[in-house]
Amino acid sequence: MRKSLVAGNWKLNGSLADNQELVASIVAGLSGGAVEVAVCPPSPYLGQVKGLCEGRLALGAQDVSEHKSGAYTGEVAASMLQEFGVEYVIVGHSERRSLFGDSDNRVAAKFVAAVQQGLKPVLCLGETLEEREAGATESVVRRQLEAVLDVVERKHWQHAVIAYEPVWAIGTGKTATPEQAQEVHAFLRGILAEALGEELGQSIRLLYGGSVKPDNAAELFAKEDIDGGLIGGASLKAADFLAIVQAAAQ
Ligand code: PGA
């Protein structure tokens, strides 16, 4: 049985005061432990947010350097994240890929840096609208996943999470239909099972991301291979985020 995971990707949003209020409201509104819940604040706030999670929320970072240390201005190493109690780290978010030049190879190197430090990577992948319309969805997500499968040892996949996030659905209010999402998730699971073996492939959680909201979460999460969500905009409002967590619990 895969335990559902709902992770909030705050992106470049937050302040000491806003974080305090948001996390306190989320923690106060959580019921039961059927779903694992994580929040991913901007890196300067990791220490603050860790202290607010009260052990009820997992802490995630939004990115990690592929380097361990050295002359890499602006980068944050996996070891540094770990010192601040980070458990998950997003790698390969489409905004990193499209705006900051994260190639498939760099994403794979970041994945390696994370797992070597004992962090759980949340590997994001997904096609653009152009690619979907050209019928290239499967070849794109296969390429993105295989770039990582090619360099990461089997044992390091144990705690990995994959987030399928069609680029055309991120922040646009357009969501993939549950059928569209499930189709890609099943395809990804097939690749994982083939590369890593059936048991491990079946145990890896596949999240959907892209305009998940309280009113569409339940039907997405009801699909067989959708094990939760990576939530952007709706993770900044406690009531919306909690409603999405609730949908994952059902
Ligand atoms: P969104 O973002 O929920 O605002 O579409 C999702 C993401 O980018 O992870």
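The values are calculated or read from the model by the stated rules, or taken from the named source; none is laboratory data. Remember, it's a predicted structure, so these values are computed and weren't measured experimentally. Reconstructed Cβ throughout: ideal geometry from the backbone, glycine too, with neighbour counts over all protein chains shown.
Computed values, structure above
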item: Members of the range 212-250 that are in contact (Cβ under 8 Å) with a residue 40 or more places away in the chain, touching a helix residue (DSSP H, G or I) at 6+ places or on another chain (Cβ under 7 Å), assigned to a loop (DSSP other than H, G, I, E, B) and surrounded by 16 or more Cβ atoms within 10 Å (Cβ to Cβ); result: Lys223, Asp225, Ile226
item: Filtered residues of the range 185-236 (kept if acidic (Asp, Glu) and under 16 Å from the mean Cα position of the chain (by Cα)); result: Asp225, Asp227
item: Qualifying residue in the range 71-90 (condition: within 18 Å of Leu145 (Cα to Cα), free of Cβ contacts under 8 Å to residues at least 60 places away in the same chain and either part of a loop (DSSP other than H, G, I, E, B) or not charged (D, E, K, R) (or both)); result: yes
item: Some residue of the range 196-205 being within 15 Å of the ligand (Cβ to nearest atom), more than 20 Å from Ala34 (Cα to Cα) and outside any helix (DSSP H, G or I); result: no
item: Sole residue being of a type in the set (A, V, I, L, M), buried (at least 16 other Cβ atoms within 10 Å of the Cβ) and more than 21 Å from Val107 (Cα to Cα), chosen from Leu200, Leu206; result: Leu200
item: Residue in the range 163-170 that is modelled with pLDDT of 95 or more and over 17 Å from the mean Cα position of the chain (by Cα) present; result: no
item: Candidate set from the range 1-35 (those that are within 16 Å of the ligand (Cβ to nearest atom), of a type outside the set (A, V, I, L, M, F, W, C) and not in a strand (DSSP E or B)); member that is surrounded by the fewest Cβ atoms within 10 Å (Cβ to Cβ); result: Asn13
item: Residue within the range 170-181 that is in contact (Cβ under 8 Å) with a residue 40 or more places away in the chain, touching a helix residue (DSSP H, G or I) at 6+ places or on another chain (Cβ under 9 Å) and surrounded by fewer than 16 Cβ atoms within 10 Å (Cβ to Cβ) present; result: yes
item: Any hit, the range 127-137, residues being within 24 Å of Leu59 (Cα to Cα), of a type outside the set (A, V, I, L, M, F, W, C) and part of a loop (DSSP other than H, G, I, E, B); result: no
item: Qualifying positions in the range 66-108 - more than 16 Å from the ligand (Cβ to nearest atom), of a type in the set (Gly, Ala, Ser) and surrounded by fewer than 19 Cβ atoms within 10 Å (Cβ to Cβ); result: Ser69, Gly70, Ala71, Gly74, Ala77, Ser79, Gly85, Gly101, Ser103
item: Boolean, Val49 is part of a helix (DSSP H, G or I), in contact with a strand residue (DSSP E or B) (Cβ under 9 Å, 6 or more places away or on another chain) and buried (at least 17 other Cβ atoms within 10 Å of the Cβ); result: yes
